[in-house]
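The values are calculated or read from the model by the stated rules, or taken from the named source; none is laboratory data. Predicted model, so just to flag it, every value in this text is computed and none were measured. Every residue, glycine among them, receives a Cβ derived from its backbone with ideal geometry; neighbour counts consider all protein chains shown. Each accessible area value is taken on the protein alone, full model and side chains, heavy atoms only, with ligands, DNA and RNA left out. Shrake-Rupley method; radii C 1.70, N 1.55, O 1.52, S 1.80 Å.
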Amino acid sequence: MSFDVPDDRRYLESHEWATTGGDTVRIGVSDFAQDELGDVVFVELPEVGDEIAAGEAFGVVESIKAVSDLYAPVSGEVVAVNEALFDRPELVNEDPYGDGWLLEVDPAEGGDADGLLDADAYDDQIA
């Protein structure tokens, strides 16, 4: 099975993605992760203004199969939360790299995505 792995973002081994290159970092879960989770029925996210730390859990995604922690690819302050997910958590399944995004973060100094996997490395991990 082949999964979509856009090369315009970086990835955690735990299957979260982060956009890079802008003032803020958008975070979501990969196509592989949403497939493994199954139908997403609930998402718990931090609030705008909360701080998240790279490598630490920042929220939860619940599916018909399991409840899974979400891990931060970067450190920083949450500046936006995808509130559409509270009414339509299935967006994570339908469009994990688009409408199913989770958070936007203003990265902390040194909280960038340097230690994350590029698309090729992540694709190798899930192959």
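For the reader, a short list of remarks on this structure follows.
- Any hit, the stretch 61-70, residues being among the basic types (Lys, Arg) and in contact with a Lys or Arg (Cβ under 9 Å, 6 or more places away or on another chain): no
- Checking every residue in the stretch 57-70 against the condition of being out of contact with any Ser or Thr (no Cβ under 7 Å at 6 or more places or on another chain), within 22 Å of Asp8 (Cβ to Cβ) and surrounded by fewer than 17 Cβ atoms within 10 Å (Cβ to Cβ) gives zero matches.
- Close pairs from the stretch 60-82: first more than 14 Å from Val92 (Cβ to Cβ) and in contact (Cβ under 8 Å) with a residue 12 or more places away in the chain, partner β-branched (Val, Ile, Thr) and open to solvent by 40 Å² or more (accessible area, probe 1.4 Å), Cβ under 7 Å, at least 6 apart: Val78/Val48; Val79/Thr24; Val79/Val48; Ala80/Val48
- Qualifying residue in the stretch 40-55 (condition: within 24 Å of Asp123 (Cα to Cα), open to solvent by 40 Å² or more (accessible area, probe 1.4 Å) and charged (D, E, K, R)): no
- The residue of the stretch 77-93 that is surrounded by the most Cβ atoms within 10 Å (Cβ to Cβ), among those that are outside any loop (DSSP other than H, G, I, E, B) and under 14 Å from the mean Cα position of the chain (by Cα), is Val92.
- Which listed residue, of Ala54, Ala18, is assigned to a loop (DSSP other than H, G, I, E, B) and within 13 Å of the chain's Cα centre (by Cα): Ala54
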